[in-house]
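The values are calculated or read from the model by the stated rules, or taken from the named source; none is laboratory data. This structure is a prediction, so every number in the text was calculated from the model and none was measured. Don't worry about glycine lacking a Cβ; one is built from the backbone with ideal geometry, like all the others, and counts go over all protein chains shown.
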Amino acid sequence: MKYRSGLVSVVTPVYNGENHLSRLLTSLLVQSYPHLELILSDDGSTDATLRIAESYRERFLAKGYGFRIVTGPHINAAAAINRGLPYVTGEYLIWPDSDDALQPESVRKRVEFLQANPDYQCVRSLPYYIEEVTGRYRQKPDEPLGNLSREELFWDILETKTFVCCGCYMLRSQPFFSIYPDRRIPEYGVGQNFQMLLPFLYRHKCFTLKEALYVVTIRPGSHSRAPLTPDQETAKFAAYEQLADDIADLCSLDEAERRRIHVWKLRRRYMLALKYHRKKDALLALSQLYGHKNLSTAALAQNIAWVCFLNNPTGKKLLHFYRNLREKHGT
């Protein structure tokens, strides 16, 4: 397929967005970049989302922007993304969330970087966070920024060492669709960003523009922030593990890289077991980490002793202290 030179395709999934969709659509209309198409994929909304979206059509067309709405039954964000990907015609691709917003220079600055640096297939900017209810800036980001000089981001994203905030990234469409020639990413109920980014960033470096060009809105009722039961969170973790395996196959990871993914799984299982005081699961994960030589004997003994204290007040205090220490030092 021949992509339209200079055009940015914006694919956005939305579900029941009547109270927030206007924020994103308005931010697209004030972009300083003149070549843009919006592909809004509705995931079976039952509110006024479609009516509100349709009310923006003439404004987009008046600015010379493409405007398309696609619909389907409610499944998940990845399924909604898949409904939109077949319609992408732009040289560049972004996929902001429906409740966020782009700064007016966001698209232009990222396109200009990629145009000036043809050896890069990806660029990202920084996010900043606003609380929807109060309008206050949140100084502590939801995700770690990590080392902003690094350009090989596959492991940093997988291991939660840097941010995955979707609206910050811009990819070249041609290399993206060479990974997904059928224009479909794997569909799991755990979002869409791992599928969009990890196979791409395994193959390509990504430069970071050190400017906050994307606004993340902290909404208490958003799907990504909804509280989960222990069973729901366990199922979510399992889905992420399966997704990681699928991505490993897609990227043809070697044996050492697959071992690293397995260790990533074990660490996540250990932290989940601690969270819900599942001693047997925590000890099993520790023993497997030790078997993979990712824990020293001293660290193993220390963690086993700590797990054994989980069900008493001292253990809870230690757990609280440890979590605070991890957050403070980013470990």
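Remarks
- Segment 34-52, subset more than 24 Å from the chain's Cα centre (by Cα) and either modelled with pLDDT under 95 or not basic (Lys, Arg) (or both), residue surrounded by the fewest Cβ atoms within 10 Å (Cβ to Cβ): THR46
- Enumeration of residues in segment 140-150 that are surrounded by 14 or more Cβ atoms within 10 Å (Cβ to Cβ) and closer than 21 Å to ARG260 by Cβ: GLU143, GLY146, ARG150
- Qualifying positions in segment 224-274 - aliphatic (A, V, I, L, M), in contact (Cβ under 8 Å) with a residue 60 or more places away in the chain and over 19 Å from VAL164 (Cα atoms): LEU250
- Test result for GLU131, loosely packed, with under 15 Cβ neighbours inside 10 Å and over 30 Å from ASN19 (Cα atoms): no
- Inside segment 147-199, residues that are more than 28 Å from SER5 (Cα to Cα), among the hydroxyl-bearing types (Ser, Thr, Tyr) and not in a loop (DSSP other than H, G, I, E, B) make up a count of 0.
- Taken over segment 240-257, the criterion of being surrounded by 14 or more Cβ atoms within 10 Å (Cβ to Cβ), of a type outside the set (Asp, Glu) and outside any loop (DSSP other than H, G, I, E, B) is satisfied by TYR240, LEU243, ALA244, ILE247, ALA248, LEU250, CYS251.
- Filter result for the condition that a residue is assigned by TED's automatic domain parsing to the domain that holds LEU153, buried (at least 16 other Cβ atoms within 10 Å of the Cβ) and more than 22 Å from LYS2 (Cα to Cα), over PRO96, PRO73: PRO96
- Selection of segment 118-131 for residues being assigned to a loop (DSSP other than H, G, I, E, B) and closer than 21 Å to ASN193 by Cβ yields TYR120, GLN121.
Every residue, every condition in (1) outside the structural domain of TYR214 (by TED's automatic domain parsing); (2) of a type outside the set (D, E, K, R); (3) over 22 Å from ASP99 (Cα atoms); (4) out of contact with any His (no Cβ under 8 Å at 6 or more places or on another chain), yes or no:
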site: TYR120; (1), (2), (3), (4): no, yes, yes, no
site: TYR129; (1), (2), (3), (4): no, yes, no, yes
site: VAL133; (1), (2), (3), (4): no, yes, no, yes
site: GLY146; (1), (2), (3), (4): no, yes, yes, yes
site: ARG150; (1), (2), (3), (4): no, no, yes, yes
site: LEU158; (1), (2), (3), (4): no, yes, yes, yes
site: GLY167; (1), (2), (3), (4): no, yes, no, yes
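- Scanning segment 33-50 for residues that are under 19 Å from ARG83 (Cβ atoms) and of a type outside the set (A, V, I, L, M, F, W, C) turns up GLU37, SER41, ASP42, ASP43, GLY44, SER45, THR46, ASP47, THR49.
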